[in-house]
Amino acid sequence: MQRLVPELDGWRLQLDENGKGILLPREQWSSIAPPQAPTFFMRLLQSNAMAQHGLNLKDVLQGSKVDIEDLEVIYSPFFEALLCFPEIPQLITCHDLTPLTLPASRRAWLKYRFWQPKHLHCATRVIAISRHVANQLIAFGLPADHISVVPNGIRIERPALSAPTSEDLVVLARHDANKNLIALVRALATVQKRLPHWRGVVRIIGRKGKSTPMIQRYQRALPRPNGLECIPSMTSETLLQTLRGSLALISASLNEGFDYPVLEAKAEGLPTLISAIPVHQEFHQDSSLFFPADDDGTVLTQQLSTLLNDRASWKQLSTAGRDLTESLSVQRQAESIRQHISELAR
């Protein structure tokens, strides 16, 4: 979204340093998130992605000398409509409905089950970032003719890797249920046993969660426990160095709306080992190596062995992944959204 929003015209609605709503012209918008509001009530709304309900949006418009009648379309890169303006055509984005099936918390499930339908009802059209998410929305009860599929885009910023520089693997994932990290660590035990000469390190980069205790338990049981590192966070520079210094990226997810880290890896020319879930198969059928989400390590061992021993396969995956990212540009994504905005303009 930090890459996408600057490509679109219009005013930007956000909070200032005092937790007050402001409208910014395109050239003044910044991707830096606003600080927490000074009042407890507004901070509570912020933490639940409900800040709009602490604002008088009509006053915000008046403060920028914008009339409601001047607004042709409201676009949101989030799964959120402005509920106080149902008379204005609105285009909102659904990234996934994972909280309904594998929620990180009961609060997340309740919000998606009972609160998000209000936003869907208010929206004129909903962008799904994959056909998988579109199917989820239809199953959730949204009419198919209200949905448009616009995949996420990415900007290529560096030359592609030409060869691996280590045998390490990287995982970009929070310790949440849908990331399937417990099963991945269990499978890693089989990989280490069957590939005793492989000395690579698997680095899981992402904040801790409910899965953390079990991940740590299975790590201690690994034949080579120091072959797994769990790192809560990294600077952007260190993360990029880790990504480009790895043999491949792994995603073992059970459910995703898009799985942007897989695309980020491919933008660097890094091959990917990914679970055979619908959204992965939708985009990456010809540019990744797959393993079952419930793999006991047998298939993962075979796929890793291919990357370790067949440099031609590594290069082919690197090239195919890079080609995919070139077809999924931010400019293409923005142009599709601009077309939808134009169609909805009243």
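The values are calculated or read from the model by the stated rules, or taken from the named source; none is laboratory data. Just so we're clear, the structure is a prediction, and the values are computed from it rather than from any experiment. Counting neighbours? That spans all protein chains shown, and the Cβs are built from the backbone with ideal geometry, glycine included. The protein model used for the area step is the full one, side chains on, heavy atoms only, and it has no ligands, DNA or RNA in it. Shrake-Rupley method; radii C 1.70, N 1.55, O 1.52, S 1.80 Å.
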Note down the net charge around residue 157, summing +1 for each Lys or Arg and -1 for each Asp or Glu among other residues with Cβ under 11 Å from its Cβ. +1
Determine the per residue accessible area of segment 32-168 with all protein chains present and a 1.4 angstrom probe, expressed in square angstrom. 53 Å²
Cut-off under 24 Å on the C-alpha distance; same-chain residues fewer than 8 positions from residue 65 excluded. Which lysines are left, in chain and number order? 20
Which residues qualify? For residue 14, with a placed amide H closer than 5 Å and at least 5 residues away or on another chain, they are 22, 24
In whole Å, how far is the Cα centre of segment 171-188 from that of segment 300-346? 23 Å
Figure the gain on full extension for residue 329 and residue 47 (residue separation times 0.36 nm, minus the Cα-Cα span) and round it to one decimal in nm. 98.4 nm
Simple spin-label model, 7 Å along Cα-to-Cβ: residue 239 to residue 131 in nm? 3.0 nm
Along the dipole axis of the chain (charges at Cβ: +1 for Lys and Arg, -1 for Asp and Glu; origin at the Cα centre), the most positive-end residue among 306, 235, 188 is 188
Would you mind counting up the charge near residue 15? Only other residues with Cβ under 15 Å from its Cβ, with Lys and Arg at +1 and Asp and Glu at -1. -1
Report the accessible area of residue 114, computed with a 1.4 Å probe over the heavy atoms of all protein chains in place, in Å² rounded to the nearest 10. 120 Å²
To the nearest 10 degrees, how steeply does helix 131-140 sit against the main Cα axis of the chain, on a 0 to 90 scale? 60 degrees
Toward the positive end of the charge dipole of segment 89-189, about the Cα centre and with charges on Cβ (Lys, Arg +1; Asp, Glu -1), which of 152, 165, 95 goes farthest? 95
State, as an integer percentage, the relative contact order of the chain based on alpha-carbon contacts under 8 Å between residues 6 or more apart. 18 percent
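Dipole magnitude of segment 235-300 about its Cα centre, charges +1 at Lys/Arg Cβ and -1 at Asp/Glu Cβ only, in debye to the nearest 20?
Working: 2 positive and 10 negative charges, 42 e Å.
Charge dipole, segment 235-300, about its Cα centre: 200 debye, nearest 20.
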If I take the Cα coordinates of segment 1-75 and project them onto the principal axes, what are the three extents in Å, biggest first? 33, 29, 18
Euclidean distance of C-alpha centroids, segment 230-261 and segment 81-104, integer Å: 27 Å
What angle, in degrees between 0 and 90 and rounded to the nearest 10, separates the Cα long axis of helix 330-344 from the longest principal axis of the Cα atoms of the chain? 30 degrees
Over the chain, consider all pairs of different Cα atoms and compute the Kirkwood hydrodynamic radius from their mean reciprocal separation; express it in Å, one decimal. 21.9 Å
For a label point 7 angstrom out from the Cα of residue 83 toward its Cβ, which stretches of segment 54-72 have the backbone nitrogen within less than 15 Å? 54-57
